[in-house]
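Following: one structure in structure tokens, then a few remarks.
The values are calculated or read from the model by the stated rules, or taken from the named source; none is laboratory data. Note that the structure is predicted; figures quoted are calculated from it, not measured. What goes into the accessible areas is simple: the full protein's heavy atoms, side chains included, and nothing from ligands, DNA or RNA. Shrake-Rupley method; radii C 1.70, N 1.55, O 1.52, S 1.80 Å.
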Amino acid sequence: MPVLPDRAPHVPHYSGPLLTRSLAESLAAARASGSASWTGSLDLGLSTGSVLLGGDSWHWRNRHYPYPDRLKERTIYYWDGQDFSAVSHFSGSLIKLVPTEWGAPTFEIDGIKMLPTSQVSPFDDARRKVALVEPRGKTVLDTCGGLGYFAACCLEAGAARIRSFEKNADVLWLRTLNPWSPDADAVANGGRLELTQADVTKSIGGIESATVDAVLHDPPRFGIAGELYSGAFYEELARVLNRGGRLFHYTGSPNKLSSGRDLPREVSNRLEQAGFNTRLALDGVLATRR
């Protein structure tokens, strides 16, 4: 039997300020008005606090920071020890954390938005999808971890164990800078989240049969990750999932055709052949292991 890769190495999550262009302008405007302090959120809406304003710097959580300038729109910045740097990496593809009006950020790969944000927070969107598999007390397989919103919502909902896979090292780096992403090593999570840096299509063979109670599958687009939509992979999902276990498979809007293809219907048909009963739900397919 194949051996699963080691869990992703622990990288401490960033706890410094996160800035956007609008936040930097708000700080500068408060200083220009003569205010001694500014109140707002420096962790993308998770909390609110006060900043002491000086002429050349501002003070937050026992540290002084310079007023940044020339920040770009649709970009999040973190303090790298010397300056405010964009939360983005380029290593073959440009991957960046992108602010939203909802607080919880999305991320982009080469300009393609990876999470829905137009009508709902990406975190609330994940919460609705997680609820479909009823994770309380269950072992959940999270195939394509991304920013970890599925995993965070499973923790919130009382899952007993989450086995999460993400193969992209740059996406894992984004998670360490995103306060909305769960930290697998946080004491509060009680060791319930196991995050592995690996390609799930190669690692799933190392998961014993019928040891998973629910699956959350949020793959990249079919055009760049067709193997995650294959009948062979769906058969592996059926193998590891207990009978009666639920799977939510994100496909995109059921009402949209992509290049003349009805992807949700194709996914449903392949899942049926692999041993599932299916129905369309939200912007994907909800399947139950027969």
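Secondary-structure-derived ellipticity at 222 nm for the chain, considering helices only, amounts to -6500 deg cm²/dmol, per-run term -39500 (n - 2.57) for DSSP H runs with n ≥ 4. Remark: the residue 57-residue 132 segment gains 22.2 nm on full extension, using 0.36 nm per residue and subtracting the alpha carbon distance.
Values (i) 17.3; (ii) 14.3; (iii) 16.0 are given for comparison; mean projected area of the Cα convex hull in nm², derived from the coordinates here, is the one labelled (iii).
Remark: region 62-149 carries 50 Å² of accessible area per residue (probe radius 1.4 Å; ligands, DNA and RNA excluded). Keeping the other protein chains in place, figure out the carbon and sulfur percent of the accessible area of the chain, with a 1.4 Å probe. Carbon and sulfur: 49 percent of the exposed surface of the chain. Dividing the mean sequence gap of close Cα pairs (under 8 Å, 6+ apart) by how many residues region 101-197 holds gives a relative contact order of 24 percent.
A straight line joining the Cα centroids of region 59-98 and region 181-236 runs 30 Å. Of the cross-linked pairs 72/129; 72/113; 167/202, those separated by over 22 Å at the C-alpha level are 72/129.
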